[in-house]
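Each remark here refers to the structure printed beneath this line.
The values are calculated or read from the model by the stated rules, or taken from the named source; none is laboratory data. Remember, predicted model here, so these are calculated numbers, not experimental data. Don't worry about glycine lacking a Cβ; one is built from the backbone with ideal geometry, like all the others, and counts go over all protein chains shown. What goes into the accessible areas is simple: the full protein's heavy atoms, side chains included, and nothing from ligands, DNA or RNA. Shrake-Rupley method; radii C 1.70, N 1.55, O 1.52, S 1.80 Å.
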Amino acid sequence: MFEDLTRKLDHVLKKIKGQGKLSEKNIADSLREVRKVLLEADVNYKVAKEFVKSVQEKSLGQAVLKSITPGQQIVKIIYDELTRLMGQSTASLRFANIPPTIFMATGLQGSGKTTFVGKLALYLRGQKHSPLMVAADIYRPAAIDQLKTIGKQLNIPVFSEDGKNPIQICWDSIQQARQNGNDVVIFDTAGRLHIDENMMKELSEIKEKTKPHNIFFVADGMTGQDAVKAATEFNNWLAYDGVVLTKMDGDARGGAALSIKAVTGKPIMFVGMGEKFNTLEQFHPDRMASRILGMGDVISLVEKAQIAVSEEESRRMEEAIRKKRLTFDDFLQQLRQIKKMGPLEQIIGMIPGLGASPLGKANVDEKALVKVEAIIQSMTREERRNPRLLNGNRKRRIARGSGTTVQDVNRLISQFNQMQKLMKRFSKGGKRSMRGVLGGNYPF
Amino acid sequence: MALFGKLRSGLTKTRTGILGRIKEAVTGKKTLDEETLDAIEEILITSDIGVETVMELLERLRKRARIKGEDETAEIQDIMRQELKSVLSDQVERSASDEKSFFNPGVTPFVIMVVGVNGTGKTTTIGKLAHRFRKEGKSVIIAAGDTFRAGASEQLNIWAERSGSDFVRHQAGADPGAVVFDALNAAVARRKDVLIVDTAGRLHTKVNLMEELKKIRRVMTKLIPEAPHETLLVLDATTGQNSIRQAEQFRDIVGLTGIVLTKLDGTAKGGVVLTILKELGIPVKFIGLGEGIEDLAAFDLNTFIDALFSENNQT
Ligand SMILES: Nc1nc2c(ncn2[C@@H]2O[C@H](COP(=O)(O)OP(=O)(O)OP(=O)(O)O)[C@@H](O)[C@H]2O)c(=O)[nH]1
Ligand SMILES: Nc1nc2c(ncn2[C@@H]2O[C@H](COP(=O)(O)OP(=O)(O)O)[C@@H](O)[C@H]2O)c(=O)[nH]1
Ligand SMILES: [Mg+2]
Ligand SMILES: [Mg+2]
């Protein structure tokens, strides 16, 4: 956790300060915590080492050493440095002067290339292009069927040829695109290992022959230490233009993003946020930085919350947090806000500390929300304000009133209690910094 | 033997001279100094073993800092193996996987359910497993429980054909529970020895999709109380620390009897399974070493650890 890291650093640094001078060596010791966080997030060993070294140099500035909160200062340096490293070069797609513009997806087996091809095609069609997807994976069983099915689902044409090699297929697809007026062509290539020379040669031959305008390295966002090797080798063979990070809808910390950027210098252009085809997102280096540090995607959450939550509502929430007391009215209000913000799983995953909590799991089912609303609405004003009133009789009445069962009511009460605990935790340890980060608009 | 060679060459391919560095570091020295420990740390961390476990291991090594003998690197490797095993402690025994009995379970139909996140190699592994059962003279039926991903059942169908197995599928988007229900009934009616159930890849964080797995499981249990006899989680060796979360969640929600670690023919080492073994006690049963039907091997802890540290001639 981000909070944890700040606290640990503060702790270590204060101890050192108490003993006398804050020196280079002392800072280095404290930065071990940072290194650990990075390694746990799957940042490559060497990349983490380099990174910590650069943070150390920056931390030696007087401002940090004299600060009352050196831990926070250092965390800020780390966050800024991470953000800077991951987002330096601009990431924009290149389009051909004379169409078609050619895109090519490459990567290891199972990284998400074919799905990305579908997503990109859908995205480009939304930009008024007319894409053609090309089935150049002739190796994996039913890979062509997979792309054809996606094409049918999205109503986007797919080019495939029997008995031809991938180089020929890609070449022929361009001719077909010209004939049919497709101004965008996207190659779906077979997954392959970076150490498989013959297969890597095939990719570079496709590149030679068709001169794609945008070559992507599609990497699984959960990749561990090996990310640097695969990314480097693919880059050596292809000099690709950008990176796509998939499966980021899970709970992986995504250190691979930093590793790949660090060793190749290539921009991360897209992030895959699901199996559905409308889940392609832009890459936000600042969000990625907080994710790697384990701080949750607070910033995107704030953005969403700001849209959905009115000033007055959020003031009430703040009030509740300050009082450290939650009522069912607050609970209901929060649920409604959450519903306004969009897909629940995504939102809950973004909240630091909540993704893994029972609450995070308990609330994801959108249908359950309807039930919850009904239950709370069947409570009296008094019961909503003072949940301790809820005895067996009252629970039965509420269950009847809301068309649910006593178990449902009990479940809600226990979720409510969990949320209350969680809120206490926030308001105790991290209130100051939480509000700092969130600009006071945090819905919980 | 050939497979070990393949595993080793994969595991060591790009170990650019770390062992060389260890050798350099220990030459002429009688103790394991920080420089050497750093090099060891690098090997372990870059194998995805995970910080906590590595720290524990290094702590033990520090305690045994004195080394002796002619070939120090060989010594270190030996010590590492011992210490790694004692870190894993009582789990070592669990990790012993008995191939022969796996493929001759003595129960019919023997039901295997295969689960995991997206793209790890579930379908391919099922093809390989089916092939091995067939080689043991068993009849196999495969159920296309992935009704979600485009082309998934076509892919599995090809593996069923390659391995000479029966195949049960419904149309795309159908209820996987219904597929499994039909497949189990077919397995019983046709007196098949083995039923292997494919499932759609799903991230362990998706509550609804994980619930669906539970439901598939319930369908099996209703027909055969002991089924599934094996629930295998397929992990991709390329994945880092997130594998631990995956193992935890899948274990908690569907229960696991073992892990298959795929894609070890690449350069990723999959060391995270050692942490999973240590923390969760889930044994690795098989490893995947390629996209071919034969590229499956039983997991052997000694071989695995040796492969992490084995000398390499390539750079
Ligand atoms: N949750 C999630 N799953 C994804 C994402 N992108 C792809 N997948 C899934 O990952 C699996 C592999 O995706 P594919 O698109 O077939 O991957 P590929 O790289 O083409 O795989 P091969 O051609 O087999 O090498 C499928 O189950 C996809 O549905 C993503 O962003 N999030
Ligand atoms: N190199 C390598 N590739 C593998 C291995 N196992 C599976 N694959 C590939 O990984 C990709 C995903 O495999 P698949 O079986 O479809 O995964 P599923 O989505 O989990 O069912 C495919 O391209 C497979 O050919 C392995 O052991 N080594
Ligand atoms: Mg593909
Ligand atoms: Mg599959």
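Some notes on this structure:
- Full extension of the chain between A:ASN180 and A:GLN127 yields a length gain of 17.2 nm, computed as 0.36 nm times the residue separation minus the alpha carbon distance.
- Exceedance of the 22 Å cut-off in Cα-Cα distance is limited, within the set A:LYS36/A:LYS58; A:LYS164/A:LYS211; B:LYS128/B:LYS285; A:LYS119/B:LYS263; A:LYS229/B:LYS263, to A:LYS119/B:LYS263.
- Relative frequency of Cα-Cα separations exceeding 20 Å in the stretch B:136-292, percent: 54
- The distance separating the Cα centre of the stretch A:246-266 from that of the stretch B:215-245 comes to 27 Å.
- From phi via Karplus (6.51, -1.76, 1.60), per-residue ³J(HN,Hα) for the stretch A:138-143 in Hz, x at Gly/Pro: 9, 9, 5, x, 6, 5
- Residues of the stretch A:217-231 with amide N under 18 Å of the 7 Å Cα→Cβ point at B:GLU279: A:222-226
- Shielding by partners for peptide B:117-123, expressed as the average number of C-beta atoms from other protein chains within 10 Å of each residue's C-beta, is 6.
- Label zone at A:ASN417, where the point sits 7 Å out along the Cα-to-Cβ direction: the stretch A:367-410 residues whose backbone N lies under 14 Å: A:387-392, A:409-410
- Using a probe of 1.4 Å on the protein chains alone, the accessible area found for A:VAL52 is around 20 Å².
- FRET efficiency estimate (nearest 0.05) - Cβ-Cβ, B:LYS63 to A:LEU60, R0 35 angstrom: 0.55
- Inter-chain neighbour count for A:266-276: the average number of beta-carbon atoms from partner chains within 10 Å of each residue's beta-carbon is 1.
- Two-site label geometry, B:ARG162 and B:ARG218: point separation in nm, points 7 Å out along Cα→Cβ: 3.5
- Maximal additional length on extending the A:ARG84-A:LYS276 stretch stands at 66.1 nm, based on 0.36 nm per residue less the C-alpha distance.
- The stretch A:145-210 - convex hull of the alpha-carbon atoms, volume per residue in Å³: 101
- Averaged over the residues of peptide B:44-55, the number of Cβ atoms from other protein chains lying within 10 Å of each residue's Cβ is 4.
- D (Stokes-Einstein, µm²/s), Kirkwood Cα radius, the stretch A:73-180, 0.692 mPa s at 37 °C: 204
- 15 Å cut-off, amide nitrogen to a point 7 angstrom out along B:GLU99 Cα→Cβ, residues in the stretch B:273-312: B:285-290, B:293-304
- Database remark: amide H of A:THR246 closer than 5 angstrom to the amide H of A:ALA219, A:ASP220, A:GLY221, A:GLY272 (H placed geometrically; neighbours at sequence offset of 5 or more, or on other chains; Pro and chain starts carry no H).
- Fraction of the pair-distance distribution of the stretch A:94-253 above 19 Å, Cα-Cα pairs, percent: 51
- Counting charges near B:ARG134 (Lys, Arg +1; Asp, Glu -1) among other residues having Cβ under 13 Å from its Cβ returns a value of +1.
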